[in-house]
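Every read-out reported here was derived from the displayed coordinates using simple, explicitly stated rules and does not represent laboratory data. Because the structure is predicted, anything quoted here is derived from the model rather than measured. Here Cβ is always computed from backbone atoms with ideal geometry, including for glycine, and neighbour counts include all displayed protein chains.
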Amino acid sequence: MKLVIVFSGGMDSTTLLYQLRAGGHELKALSFNYGQRHAVELEHAQRIAEQAGVPYECVELGALAGVIAGQSSQLNREVAVPEGHYTEESMKATVVPNRNMIMLSVAVAHAIALEFDAVAYGAHAGDHAIYPDCRLDFVEAMRSVISLCDWRKIELLTPYVDKNKSEICRLGAELQVPFALTWSCYKGGHAHCGRCGTCVERKEAFELAGVRDPTEYLDSEA
Ligand SMILES: [Zn+2]
């Protein structure tokens, strides 16, 4: 199969990239610069794709931030990135309005242009509580509409929608994913902060999976 993968350079999409590559699929990795605070993830994404030998492209959508920032901590520099457990209500501040529909929409258009068969993204079960566009209902609705975006049917692959992050971590370890190259922290910067929701989620995933965490956290006690 020929697939466009929505690729952020995080643990989930990197594991997905390695899994699909191992499955013998032809891949194109697509990242998005939408003015995110944690734009450092894009450097990680590019490095991982290069190392994996997967063609990579970053789509510049920086102008979007001006019209969608609202009170999102990831776009509005006046809103602090919340710290604590990733399931807390406060983490809703990290939601980027309708991000998955925007990225999927562009990825599907790219797949049509390349005459590819499908788009894959790494939505997982742990995201459902906080991110409305990771809910099962959202994924299924997108699957339907994506099948109608072209005269040729484009498929949507979401193999992690029923998996939690520690299961994905374990799978990634089996696939020898270079986790040290992946980026999760929503604060950006040069090292993982260890305190924001995505850092806490990352640490917890490694612990629960029983996989060694190669990440250096600025605050390892958090
Ligand atoms: Zn962090």
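Using amide H atoms built 1.01 Å from N in the peptide plane, name the residues 5+ places from residue 31, or on other chains, whose amide H lies under 5 Å from its own.
7, 57, 58, 59
What ³J(HN,Hα) values, in whole Hz, does the Karplus curve 6.51 cos²θ - 1.76 cosθ + 1.60 give for segment 152-158 when θ = phi - 60°, with x put for Gly and Pro?
Calculated HN-Hα couplings, in order: 8, 6, 9, 8, 10, 9, 9 Hz.
Taking amide H positions as placed 1.01 Å from N in the peptide plane, with prolines and chain starts having none, which residues 5 or more places from residue 118, or on another chain, fall under 5 Å of its amide H?
2, 4, 155
Give me a comma-separated list of calculated 3J(HN,Hα) values for segment 83-93, in order, Karplus coefficients 6.51, -1.76, 1.60 applied at θ = phi - 60°, integers in Hz, x for any Gly or Pro.
Each residue's phi maps through the Karplus curve to give 10, x, 6, 5, 8, 5, 3, 4, 5, 4, 5 Hz.
How many percent of all Cα-Cα pairs in the chain sit more than 32 Å apart?
Details: 2786 of 24531 pairs.
Every Cα pair in the chain considered, those over 32 Å come to 11 percent.
Taking amide hydrogens as modeled 1.01 Å from N in the peptide plane, which residues meet the under 5 Å criterion relative to residue 187, leaving out close sequence neighbours?
193
With each run of n ≥ 4 DSSP H residues scored as -39500 (n - 2.57), what mean residue ellipticity at 222 nm is computed for the chain after dividing by its residue count and rounding to the nearest 500 deg cm²/dmol? Mind showing how you got there, number by number?
Values: 7 runs with 79 residues, N = 222.
Rounded to the nearest 500, the figure is -11000 deg cm²/dmol.
For segment 205-215, what does the Karplus curve 6.51 cos²θ - 1.76 cosθ + 1.60, with θ = phi - 60°, yield as ³J(HN,Hα) per residue in whole Hz, taken in order and with x for Gly and Pro?
Taking θ as phi minus 60°, the curve returns 4, 5, 4, 5, 7, x, 10, 5, 8, x, 6 Hz for segment 205-215.
Sticking with the crude label model, points 7 Å out along Cα→Cβ, report the distance from residue 114 to residue 71 in nm, one decimal please.
My value for the distance between the label points is 3.8 nm.
Would you list, by chain and number, the aspartates and glutamates whose Cα falls below 16 Å from the Cα of residue 165, excluding same-chain residues fewer than 8 positions away?
Leaving aside aspartates and glutamates fewer than 8 places away in the same chain, those within reach of residue 165 are 12, 127, 174, 201, 204, 207, 213.
Can you tell me the relative contact order of the chain? Whole percent, Cα pairs under 8 Å, sequence separation 6 or more.
Relative contact order comes out at 24 percent.
Could you calculate the FRET efficiency of residue 51 with residue 150 from 1/(1 + (r/R0)^6), where r is the beta carbon distance between them and R0 is 30 Å, rounded to 0.05?
Numbers: r = 32 Å, r/R0 = 1.06.
Plugging the Cβ-Cβ distance into 1/(1 + (r/R0)^6) gives 0.40.
Roughly speaking, what is the stretch gain from residue 190 to residue 33, that is 0.36 nm per residue apart minus the C-alpha to C-alpha distance, in nm to one decimal?
On the way: separation 157, 0.36 × 157 = 56.52 nm, distance 1.77 nm.
Between residue 190 and residue 33, full extension yields an extra 54.8 nm.
If you build a Gaussian network model of the chain, linking Cα atoms that sit under 10 Å apart, which residue out of 102, 168, 154 swings the most?
Top of the fluctuation ranking is 102.
Taking 7 Å along the Cα-to-C-beta vector as the label spot, tell me the residue 98-residue 61 distance in nanometres, rounded to one decimal.
Going by the 7 Å Cα→Cβ label model, 1.1 nm.
Say each of residue 135 and residue 105 gets a label point 7 Å from the Cα, pointing the same way as Cα to Cβ; how far apart are those two points in nm?
1.9
Want the number for residue 219 to residue 162: 0.36 nm per residue separation, take away the alpha-carbon distance, what's left?
Here the segment from residue 219 to residue 162 would lengthen by 17.4 nm.
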